[in-house]
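The next block holds one structure in the form of structure tokens; read it before the comments.
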Amino acid sequence: MKKMISFIVLILLTLNFLTSPFQMLNLIEKGTWIKHKTEFKRKLIKTDSIVLRDADTSPASRRETSKKTYLHFIYYDKGKFISLQDNSQALFHSKKELIKTRKTLKYLEEHNDSLLIWYHPKLNGQIALAEENEMNTSGFLLQIILNILFLVTAIGSIIWLIKKINNKNEEN
């Protein structure tokens, strides 16, 4: 039983370590958005292009075309982009995000590829809602705290592993 628990912990720590680059990118993006929140202005932009990608590339999902998860990349301002995910088929999907994605795509279709966003001259923006007076960053602080916690855990587990290997080498 002890070996099984150790194996499960090892797998979880390894997965946490492997996802740390994505956690770091998310941490940087959310921190930048909070830092420059007052510099974002609501602006109606014209999209350059919309790219649709299949987010699930497993062989089983390719066979079942009705259960696909798609990523929509909305490009604007010569290279900046906003990504939206149709997560309706995800195990724990966010109904709020799904509604936002569908409303945004419908809005784009009805307004000839024009979109209301939180615009920054140097950073990627976010979808803006007509009723918002400032960019919504309500969940960003929690995401930042969780990402820092996961990164500290990943670094701590690597340090622990290195010490354990060094101790075994010294014993031999």
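The values are calculated or read from the model by the stated rules, or taken from the named source; none is laboratory data. Computed from a predicted model, the values in this text were never measured in an experiment. As a convention, Cβ positions derive from the backbone with ideal geometry for all residues, glycine included, and neighbour counts pool all protein chains shown.
Cβ-Cβ under 7 Å, sequence separation 6+ or interchain: first residue in segment 133-155 and surrounded by 12 or more Cβ atoms within 10 Å (Cβ to Cβ), partner in a loop (DSSP other than H, G, I, E, B) and of a type outside the set (S, T, N, Q). Which pairs?
Going by the 7 Å Cβ cut-off, the qualifying pairs are M135/F40.
Can you pull out the residues in segment 1-54 that are assigned to a strand (DSSP E or B), surrounded by 12 or more Cβ atoms within 10 Å (Cβ to Cβ) and in contact (Cβ under 8 Å) with a residue 60 or more places away in the chain?
K41, R42, K43, I45, T47, I50
Yes or no: I127 in contact with a Lys or Arg (Cβ under 7 Å, 6 or more places away or on another chain) and either more than 19 Å from K80 (Cβ to Cβ) or modelled with pLDDT of 90 or more (or both)?
So I127 fails the test.
Restricting to segment 90-144, name every residue that is closer than 23 Å to E29 by Cβ and among the aromatic types (F, W, Y).
If the condition is that a residue be closer than 23 Å to E29 by Cβ and among the aromatic types (F, W, Y), then F92, W118, Y119, F140 are the ones that fit.
Determine, yes or no, whether K163 is under 24 Å from M24 (Cβ atoms), among the charged types (D, E, K, R) and part of a helix (DSSP H, G or I).
Considered against the rule, which asks whether it is under 24 Å from M24 (Cβ atoms), among the charged types (D, E, K, R) and part of a helix (DSSP H, G or I), K163 comes out as yes.
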